[in-house]
Every structure is written in structure tokens, then in C-alpha cells.
Amino acid sequence: MEYVASGIGKKDFLLLRKCYPRFVFSRISREKRADHLFVEYEFWTGNGRQSGLFFHPSLKVYAKAVEKAPVEFLDPFLFHIGLIELVSYWKATCSPLILIEPASLSPGQLAWWRKLYLKGMGEFFFRNGIEQDMPDLFQLECLSSKAFLPVEIPSLSGNLIPVGGGKDSFLTLQWMKGEKRDNLCFLLNPVKAQWDTVRFFDYPLEQVVVIERQIDGRLLELNNKGFLNGHTPFSALLAFMGVLLMALYKKENFVASHESSANYPTIPSRGINHQYSKSYEFEKDFQSYLSNSLCPSFSYFSLLRPLSEIQIARFVSAIPGSLSVFQSCNKNRLCGGWCGQCAKCLFSFLILRPFVEAKRIVAVFGSDLLERESLFALLLSLCGEGEEKPFECLGTEEECRAAASLIWHKAKAAGNPPPLLIAKLFKQFPHLLMARSSIQALYDRINPQHGLSQKFLSLFRKNVIENALFDD
């Protein structure tokens, strides 16, 4: 049977499962080359291997430590990267049976992966009209008797820090300057903002490791033909890639830059969180999996977990030169700069504006986004008055209202009119305007749920200084 897209999510989902009843993670190959480790995964989907659709995504790991490491030592870590990579290809057909051939997983491990697939792809299921809790959505089976046991790696020290090019990892690097000699920066498919960030903090190339991830072009072809497509838990992929690098370089800590805002669901009524793999729930689950299944001595946590997005914006805006370096716009990620049209741009502008003078922030973003009438509907969605919150890595609606209220209060205190969109927001929805005491409390709030050890909690407290937002 040949699949022909109907354009109706649920109908396509059922037809694809019939045409492609199984999805197989069939092979991992790895080879040390002149300047990198080349890794290729093989996945296929269909009724049988001869007629199946094949995918061969690959990685290039540019890490000098690869030269001394036996390739067999890397196999457990490469296998686990494959387990998270596979969902990017499985989602095209949502095959009811997922078969894993390179190695086996225990019942507890299979349950762990099932939870990650379900929660990490909640947005994908929602947007394609798929019932996330249907009992036969997928079944995970291992066809190998080979099992990877947890490994102990002696003499671990130092920190692996993924650098995404945005404000969060920028602030982490700022606060980790005292640990610089022990830090290793990890860049995945690096773009200008990532390189600019490591240069800003003057990291030598020997303290920067790059992985290039190549998506199989066939997946993009299938997307164009109407196969299913959507969001996958990208930060979980980063986590497993980072663990590979920790093993290679004998690093003790994976220091992520995820904030407490990531804990809140995008669609609360459905429990769907675009940022699930950035949440504290995933952080705890991942640490547990590391301890029980990969390397008990590895530590995975976020230095910024006690903070919210608006607090991070406040701290990062106080670092001289920061605004000309970091960049969070996904639309312009490859070419650099801010598009000035998307939810990420408007949200970033909104939370930075209270702490950055108008002339300076307009120079960075290209225009004053809060004076653009066309962005008002987007501002409403950020503040909880739109049809739905955008599926992006954003702060909570309360944070957006607090930032908007802070801009309004500061303008009034200075005897100036608030920006167009801020004035319009509170004219139409006066109940959204927060009192100054409530704003201050939100900016001072420290989330007690985090995975920081005493050492890193002390580092955090040294950098978090409460200051009054208002002069009187």
C-alpha cells in the first residue's frame, strides 16, 4: 500500500501506521577519522527490510579526546544517542511497533524511554490530532541480548557547558568564569551567536568541542510529501550527546542553563509542555537514568533552575556588551540577528526592555517592537489573553504581564507615555496591570526546586543579588 497524504492529521496518522507497521533501529557504525569521530545510525520503517524506507543520520564529533579512547568504550553512549535520535524519524510514520536491534534495555529502562517519548513529543501529538494516551500508540521491543552496564570512570573533574548562543548559556558562562580552567564548552551545529559567545568569554579552541549533526535528507523529502512532522525533545538529545563528551573528557558535571519557567506547561489543560526536556521533571529523570544506567558519577543539573526568564533577562542585561552577542531568534538562527516578527523576538524584547535604554535595545533589534501595532495580538498571547500561548521556549504568562507592568510603571514614573503596545494592553485589559509590590516579589522569587549541589548553590547565591526595581 502506498501512502498518499490527505492533509487531515488523524486520518494520515492511521494510514501511515497501516503502511509502515514497524520502525527499526537497526545499526550503529563508528569510525575514527583524521580529525573527528564519524557516527552513522540506521533506521528503517515499513513491512520489511527489502521494501522499507531507510534513514542514515550521522554525527561528526570533533573532539581530540577521541584519539585516545577505545571505540568500544563509546558504544553505550552512542547507543543512547541513537535512542533519542530515532524519534525524529519515527514521528514521520508513527509506526505502532518500535524495534531496537543494537542492544537491549531492561523493563525499567524501556519505561523510562516510553515516558520521554510521550511527554517529550506531547506537542507533536497535539498538533497532529493524535491521542497521546492511546494504549497502542507504540510498543518498544529489543531484539538483542547484548546489554550495556553502567560504567565507572575514574578521576572525573570539571564541567561541560552546552552553549546555544542565547541569553541563558551566556549568563551561565558569566557566572562560571571562576571555574573557567575546568570548563569545556559544547557546541552543536554551531552558528555565529555560539562562536561569538565563546569568544566573548575568551575560551581557547582546546576548551571548545563541536558536534555536527546531519539529518537524513529523506526525512525532509517525506515532510514535503505530507508525512507527519513536528516538535521533538531537542534538549534530551543535547543531554545524551553531552554525556558522550563527559565520558571522553572525564568531566564530572553537565551544567545546563534551563530556568524554572520551563517547568510550566504550554497547554495546562492537556499537560503539554513545549519545553518538557528543559523541565525540572526531566532533569531529575535524566539524573536518575545516568546513575542507574550509564555512569553513576556523572552529575546533570541546571545552574539557572531557581530563576525565571525575567530574572535571567535582568541579570544578563547588566553584563556590558552582552546584547550584541547573544541571540534567541529561531527564524534568524543561521543568518544571525533578530527577525523582529516572531514570539521569541517579542518576548526577548519585552523582558529586556525594563533594564535597557530604548536607544540601545532598538539598535540591537532593528526597531522598537513595542511600537509595532502588528505585534499586538502576539503580545496578548504572551500575556494570556490570546487564543493560545505560542509553542516556543518562553516565560510564563505571569512573567510577561510583570515585564509589561514594569515597563508601564517605569514610564509613568519618568513622566513619559508607555510604549504603544503596553499602553494599549492595559487600556483594553486593565486587570492585567500588576502592582509594584507584586512585580518586585516576582523578580525576587527563588524557586526552591533545583538540583544544585552545595558548591553550585553557593556559586548561585554569590551572583544573585536582590535589588529594588523602583527608586521609592
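The values are calculated or read from the model by the stated rules, or taken from the named source; none is laboratory data. Keep in mind the model is a prediction, meaning the values are calculated, not measured. In this analysis, Cβ positions are derived from the backbone assuming ideal geometry, glycine residues included, and neighbour counts consider all displayed protein chains. Side chains included, ligands, DNA and RNA excluded: accessible areas come from the protein's heavy atoms. Shrake-Rupley method; radii C 1.70, N 1.55, O 1.52, S 1.80 Å.
This table checks each residue for (1) farther than 20 Å from Gly337 by Cα; (2) among the aliphatic types (A, V, I, L, M).
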position: Val163; (1), (2): no, yes
position: Lys167; (1), (2): no, no
position: Leu187; (1), (2): no, yes
position: Val191; (1), (2): no, yes
position: Val198; (1), (2): no, yes
position: Glu221; (1), (2): yes, no
position: Phe227; (1), (2): yes, no
position: Thr232; (1), (2): yes, no
State whether one or more residues within the range 449-464 are of a type outside the set (A, V, I, L, M, F, W, C), in contact (Cβ under 8 Å) with a residue 60 or more places away in the chain, part of a loop (DSSP other than H, G, I, E, B) and exposed (fewer than 14 other Cβ atoms within 10 Å of the Cβ). yes
Tell me the residue from Gly178, Gly230, Gly242 that is within 29 Å of Gln109 (Cβ to Cβ) and either among the aliphatic types (A, V, I, L, M) or touching a Leu at 6+ places or on another chain (Cβ under 8 Å) (or both), please. Gly242
Does at least one position in the range 372-381 carry a residue that is touching an Asp or Glu at 6+ places or on another chain (Cβ under 8 Å) and buried (at least 17 other Cβ atoms within 10 Å of the Cβ)? yes
Is it true that some residue in the range 259-276 is basic (Lys, Arg) and more than 18 Å from the chain's Cα centre (by Cα)? yes
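Return yes when Gly166 is buried (at least 16 other Cβ atoms within 10 Å of the Cβ), over 22 Å from Leu219 (Cα atoms), within 21 Å of the chain's Cα centre (by Cα) and at pLDDT below 95 and no when it is not.
Yes: the conditions hold for Gly166.
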Which members of the range 31-44 meet the condition of being crowded, with 18+ Cβ neighbours inside 10 Å and assigned to a loop (DSSP other than H, G, I, E, B)? His36
Can you tell me how many residues within the range 329-351 are of a type in the set (Gly, Ala, Ser), closer than 17 Å to Gly165 by Cβ and either open to solvent by 20 Å² or more (accessible area, probe 1.4 Å) or out of contact with any Cys (no Cβ under 9 Å at 6 or more places or on another chain) (or both)? 2
Name the single residue that is nearest to His80 (Cα to Cα) among those in the range 93-112 being surrounded by 21 or more Cβ atoms within 10 Å (Cβ to Cβ) and within 25 Å of the chain's Cα centre (by Cα). Ile98
Does the range 274-283 contain at least one residue that is surrounded by fewer than 18 Cβ atoms within 10 Å (Cβ to Cβ), under 21 Å from Phe186 (Cβ atoms) and in contact (Cβ under 8 Å) with a residue 24 or more places away in the chain? no
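Considering each residue of the range 297-322, count those that are in contact (Cβ under 8 Å) with a residue 60 or more places away in the chain and in a helix (DSSP H, G or I), and give that number.
Summing the residues that are in contact (Cβ under 8 Å) with a residue 60 or more places away in the chain and in a helix (DSSP H, G or I) in the range 297-322 gives 9.
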Which one of the conditions (1) over 28 Å from Asn292 (Cα atoms); (2) surrounded by fewer than 18 Cβ atoms within 10 Å (Cβ to Cβ); (3) out of contact with any Pro (no Cβ under 8 Å at 6 or more places or on another chain) does Asn47 fail to meet, given that it meets all the rest? (3)
May I ask you to list the residues in the range 190-215 that are over 27 Å from Pro296 (Cβ atoms), open to solvent by less than 30 Å² (accessible area, probe 1.4 Å) and not in a helix (DSSP H, G or I)? Val191, Phe201, Tyr203, Val208, Val210
In the range 421-448, what residues are within 30 Å of the chain's Cα centre (by Cα) and open to solvent by 80 Å² or more (accessible area, probe 1.4 Å)? Arg445, Pro448
Which residue pairs have Cβ atoms under 6 Å apart, sit 6 or more places apart or on different chains, and have a first residue in the range 119-132 that is touching a residue at least 12 places away in the same chain (Cβ under 8 Å) and farther than 21 Å from Phe286 by Cβ and a second that is open to solvent by less than 10 Å² (accessible area, probe 1.4 Å) and among the β-branched types (Val, Ile, Thr)? Phe126/Ile272
Within the range 316-325, is even one residue at positive phi and either open to solvent by less than 40 Å² (accessible area, probe 1.4 Å) or touching a Pro at 6+ places or on another chain (Cβ under 8 Å) (or both)? yes
What pairs come up if the first residue lies in the range 143-161 and is over 26 Å from Gly108 (Cβ atoms), the second is among the acidic types (Asp, Glu) and surrounded by fewer than 16 Cβ atoms within 10 Å (Cβ to Cβ), and their beta carbons are under 8 Å apart, counting only those six or more places apart or on different chains? Ser157/Asp182; Gly158/Asp182; Asn159/Asp182
Yes or no: the range 245-255 includes at least one residue that is touching a His at 6+ places or on another chain (Cβ under 8 Å) and either open to solvent by 10 Å² or more (accessible area, probe 1.4 Å) or closer than 20 Å to Leu457 by Cβ (or both). no
Here is a list of conditions, (1) within 22 Å of Phe460 (Cβ to Cβ); (2) modelled with pLDDT under 95; (3) open to solvent by less than 10 Å² (accessible area, probe 1.4 Å), and Pro306 meets all of them except one; can you say which number that is? (2)
Can you tell me which residue within the range 169-185, out of those that are part of a helix (DSSP H, G or I) and of a type in the set (A, V, I, L, M), is farthest from Ile211 (Cα to Cα)? Leu171
Of (1) closer than 18 Å to Asn229 by Cα; (2) assigned to a strand (DSSP E or B), Phe13 satisfies all except one. Which? (2)
State which residue pairs qualify: first residue under 15 Å from Met241 (Cα atoms) and inside the range 51-70, second residue aromatic (Phe, Trp, Tyr) and assigned to a strand (DSSP E or B) in any location, beta carbons under 7 Å apart, and separation of 6 or more residues or different chains. Pro57/Tyr41; Ser58/Phe38; Lys60/Phe38
